[in-house]
Amino acid sequence: MLILGVETSCDETAVAVVEDGCKIRSNVILSQIDRHRKFGGVVPELAARCHLEAITPIVEEALREAGVLPQEIKLVAATYGPGLIGGLLVGLSLAKALSLAWKVPFVGVNHVEGHIYANFLAHPDLTPPLICLTVSGGHTNLIYMAEHGDYEVLGETRDDAAGEAFDKVARVLGLGYPGGPPVDRLARQGKAEITLVQQDRLAGTYDFSFSGLKTAVVNLVHRLEQKGETVPTADLAASFQRQVVSTLLERAFRAVEDKKVTTLALSGGVAANSELRERFTQEAARRGVKLYYPPLDLCTDNAAMIAACGYFRWQKQGSSPLDLTVAPRLRLT
Ligand code: KG4
Ligand code: ZN
């Protein structure tokens, strides 16, 4: 069965064709990053306009690349939240229109749940129960997945998402947007020896807070600049990254232990971070935990994960009503 997936919740216009929820036939992603770069972050109104411009040709491209005709698509899945309202409206409206025109069911997908399914796409042997850590520019969630469609959100960020903190730190270090990849690269040349925060005020919980850490970097940079001193950018990048990864690692492996599972999956753009991958791999080996993460192109926003997730949702609950509306603050339950 062929599923068309649509993803427009942030700044990637993405359409994919997936077979039976697990085989990618096409996965077209148009990043708007160059349109937002000069603003130092995603401008919601601009993102919505870019989605509108791009979406129809991208549907055609995804079908062409997959080598399928519209009448072969049997299900249309689209992200309906969480995300930026204007972008969500573009993708959701298009998906509903296609479902009506092609006379096939439509299913709305939670974007965070979609990120989890990137792992099922990449690793067909993966089965719940598992812990999933989803870390991206918009979300930081620690999730216990008992079975398909059954989730318990153990923890989330109380302020900035992990990727958002990377982006803001990169900005103050003059590394451009998006900040994750350049911070990751620069951190390799630095020493993680600067203490930025004294204590973890959420220790013992599963929640995260990255805003204090980010502010510590910003304040330190400003102080040094005011005194005319050199900013040790590589050491700051390394120290910041070490702290973020340590916090994520501690929470994730504690959840694995508490929930008595043996599988941990990572997803979201920050799961592309090289130190994160390295340290999670080492810790998983040390504890005998099976660690999964998707390849880079499935870590960041894409529509293949939405199609895969939509397939499982549809199998479990059937189609969504056509009056389903966008939910910018949608939560996973
Ligand atoms: O999943 P994603 O593409 O979009 C959202 O749903 O937000 O994630 C984008 C985020 C950005 O904040 C970006 O800076 C971060 O992922 N990111 C990274 C790395 N690559 C991307 N963060 C840390 N290290 C990386 N290598
Ligand atoms: Zn995302």
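Computed values, structure above
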| item | result |
| --- | --- |
| Sulfur and carbon atoms: percent of accessible area, the chain [1.4 Å] | 51 |
| Relative contact order (%) - criterion: Cα under 8 Å, at least six apart; region: the stretch 34-91 | 45 |
| Selection of trypsin sites (Lys or Arg not before Pro), the stretch 256-333, meeting DSSP coil and at most 11 other Cβ within 10 Å | LYS260, ARG329 |
| For the chain, share of DSSP beta bridges that run antiparallel, in % to the nearest 5 | 60 |
| Relative frequency of Cα-Cα separations exceeding 29 Å in the chain, percent | 38 |
| Eligible lysines near LYS260 by straight Cα distance, threshold 16 Å, same-chain separation 8 or greater | LYS290 |
| Among GLY228, ALA66, VAL326 - extreme Cα towards positive end, dipole of the chain, charges at beta-carbon | GLY228 |
| Peptides ranked, highest mean first, by Cβ atoms within 10 Å: ranges 262-275, 100-113, 210-223 | 262-275, 100-113, 210-223 |
| Largest-first principal axis extents of the Cα set of the stretch 128-294 (Å) | 55, 27, 27 |
| GluC sites (Glu not before Pro) restricted to the stretch 153-220 and DSSP loop, no more than 16 other C-beta within 10 Å | GLU193 |
| Helical mean residue ellipticity (222 nm; -39500 (n - 2.57) per DSSP H run of 4+; nearest 500) of the chain | -14500 deg cm²/dmol |
| Accessible area expressed per residue, the chain, with surrounding protein chains retained (probe 1.4 Å, Å²) | 43 |
| Equivalent ellipsoid, the stretch 1-52 (semi-axes from 5 times Cα gyration tensor eigenvalues, Å) | 27, 10, 7 |
| Within the chain: Cβ-based charge dipole about Cα centre, in debye rounded to nearest 20 (Lys, Arg +1; Asp, Glu -1) | 320 |
| Within straight-line cross-link reach of LYS168, aspartates and glutamates at Cα separation under 18 Å, skipping those fewer than 8 residues along the same chain | ASP11, ASP34, ASP159, ASP160, ASP184, GLU225, ASP235 |
| DSSP bridge orientation in the stretch 128-294 - percent antiparallel, rounded to nearest 5 | 60 |
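The values are calculated or read from the model by the stated rules, or taken from the named source; none is laboratory data. If you're wondering where the values come from, they're calculated on a predicted model, not measured in any experiment. Don't worry about glycine lacking a Cβ; one is built from the backbone with ideal geometry, like all the others, and counts go over all protein chains shown. Note: areas computed on protein heavy atoms with side chains; ligands, DNA, RNA excluded. Shrake-Rupley method; radii C 1.70, N 1.55, O 1.52, S 1.80 Å.
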